[in-house]
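Okay, so here's the structure we're looking at.
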């Protein structure tokens, strides 16, 4: 598959756009915003349940109106600009989200964030589909990833470690069971800070397509 970067549209302000391929992969907007609201001090949040309620209430209806599902909202704080990544997917969960839909979602989210002053500094807004290495942010994401290799990081040590990499062999009773070197680690969903599917490339991924 060939990837191409090209600008899509322009807002009143400084805008950065990057689009890859026939489906939406990444679309970034730099948007100056003023306000006084303060967010919690997390540097990054990568699980759906941790998205602040007021932010989720703003973004999710927009995503739903476009026939998509909100997978997660990742936030990186620190020095401006902050980075906000909105991850969306279609009902089929295949990561195929049209570029035009990503563009529409990003415009509406940017306007909403600006109007509500949820972010007190300049920020980059990125709207993307999950991509090859899908984010594991919801229970349904873990269920769909059973049988695949995953990488998880927990909020606190479990059996002396916080990072786990192996095959997700089951997700039952809100617990992920990851096989690592012949042993199975049990990781409660509530303990997961962030997780991703580890995509295994095959020769088909590198074959020429026209």
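Residue selection: residue 137 fails the criterion of being touching a residue at least 24 places away in the same chain (Cβ under 8 Å), over 15 Å from the mean Cα position of the chain (by Cα) and surrounded by 15 or more Cβ atoms within 10 Å (Cβ to Cβ). When the test is whether a residue is in the same structural domain as residue 71 (by TED's automatic domain parsing) and surrounded by 18 or more Cβ atoms within 10 Å (Cβ to Cβ), residue 113 passes it. Taken over segment 50-71, the residue count meeting the criterion of being at positive phi and either crowded, with 18+ Cβ neighbours inside 10 Å or in contact with a strand residue (DSSP E or B) (Cβ under 6 Å, 6 or more places away or on another chain) (or both) is 0. Just so you know, in segment 76-94 the residues that are modelled with pLDDT of 85 or more and assigned to a strand (DSSP E or B) include one that is surrounded by the fewest Cβ atoms within 10 Å (Cβ to Cβ), and it is 83.
Take residue 152 and tell me if it is within 18 Å of residue 50 (Cα to Cα), under 18 Å from the mean Cα position of the chain (by Cα) and not assigned by TED's automatic domain parsing to the domain that holds residue 59. Yes: the conditions hold for residue 152.
Among all positions in segment 83-90, there is no residue which is over 15 Å from the mean Cα position of the chain (by Cα) and either without any contact (Cβ under 8 Å) to a residue 12 or more places away in the chain or at negative phi (or both). Filtering 169, 178, 121 for residues that are under 22 Å from the mean Cα position of the chain (by Cα), at pLDDT 95 or above and on the phi < 0 side of the Ramachandran plot leaves a single hit, 178. Only residues that are in contact (Cβ under 8 Å) with a residue 12 or more places away in the chain, surrounded by fewer than 13 Cβ atoms within 10 Å (Cβ to Cβ) and either more than 20 Å from residue 72 (Cβ to Cβ) or out of contact with any strand residue (DSSP E or B) (no Cβ under 9 Å at 6 or more places or on another chain) (or both) were counted across segment 142-164, and they come to 3. Scanning segment 178-190 for residues that are surrounded by 15 or more Cβ atoms within 10 Å (Cβ to Cβ), under 20 Å from residue 75 (Cβ atoms) and in contact with a strand residue (DSSP E or B) (Cβ under 6 Å, 6 or more places away or on another chain) turns up nothing.
The values are calculated or read from the model by the stated rules, or taken from the named source; none is laboratory data. Small disclaimer: the values here were computed from a predicted structure and weren't measured. Note that we place each Cβ from the backbone using ideal geometry, even for glycine, and neighbour counts take in every protein chain shown.
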